[in-house]
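Have a look at the structure below before the remarks.
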Amino acid sequence: MSEDSLINTASLISPHISLVDASSRAPVKLGIMASGNGSNFEVVAQAIEDGKLNAQIQVLIYNNPSAKAAVRAKNRGVESVLLNHRDYPSREEFDRQIVQTLHQYEVEWVIMAGWMRLVSQVLIDAFPNKMINIHPSLLPSFKGVRAVEQALEAGVKITGCTVHLLCLEMDSGPILMQAAVPVLPDDTPETLHGRIQVQEHRILPLAIALAAQK
Ligand code: GRF
């Protein structure tokens, strides 16, 4: 990324990101957590392959046995580990196993790319300020599940997506980057989510590059 484009991008991003040229650094070791389709996993992997993100995906953790994200990982030769929350007696026990797995794969930064579970302090404490989440709304509006439906129900004319550092409170924490998306009169949850995902795929790799490559 040229210095000019970094400066132009800087107007969109928060002071939690410092802009440095990371091309000479060792690749950042990422752990990705996903529950479903995994299109955001895919764009991160593609950004790495294209040389736009100086990182490597150490492991994909998924909690849903039928997650398409696991198929995507296999196709890309990325190791994946199924940790099913139903197999654990508490959220903390589940998170302890996640932390152990992330450490086992020497993960430095954790990317929650469609991880549909609340996390406990156990996970946050293990990776302080090194966990990134993506959410399909302009936070702090429309937290939680059904964010796209919430936006349609509220009648907003602009919504979007947010990449932020994770904290205990759901869909909160310092905002790294956002992108706005218009809501069109005939939008359904599917059409609007599709338009939001185009922007998610644009800003997630960029936010990881800018936040993690310090
Ligand atoms: C995305 O819209 C993300 O914002 C939300 O879950 C969805 C995951 O999409 N947290 P995908 O599985 O990456 O396609």
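The values are calculated or read from the model by the stated rules, or taken from the named source; none is laboratory data. The model shown is predicted, which means the values in this text are computed figures rather than measured ones. We place every Cβ from the backbone using ideal geometry, glycine too, and count neighbours over all the protein chains shown.
Just to check your reading of the model, which residue among 143, 130, 157 is charged (D, E, K, R) and over 27 Å from residue 94 (Cβ atoms)?
Numbers: 143 fails: over 27 Å from residue 94 (Cβ atoms); 130 fails: over 27 Å from residue 94 (Cβ atoms).
Residue meeting the stated conditions: 157.
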Can you spot a residue in the stretch 173-194 that is within 14 Å of the ligand (Cβ to nearest atom) and at pLDDT below 95? yes
Across the stretch 149-202, the tally of residues that are touching an Asp or Glu at 6+ places or on another chain (Cβ under 6 Å) and either closer than 21 Å to residue 41 by Cβ or small (Gly, Ala, Ser) (or both) stands at 1
Turns out the strands (runs of 3 or more DSSP E) fully within the stretch 1-103 with at least 2 residues that are modelled with pLDDT of 95 or more and within 19 Å of residue 166 (Cβ to Cβ) are 28-34, 55-62
For the stretch 151-174, pairs from a residue that is over 15 Å from residue 127 (Cα atoms) and of a type in the set (Asp, Glu) to a residue that is modelled with pLDDT of 95 or more and not in a helix (DSSP H, G or I), with Cβ under 6 Å and 6 or more apart or across chains, are 171/135; 171/139; 171/143
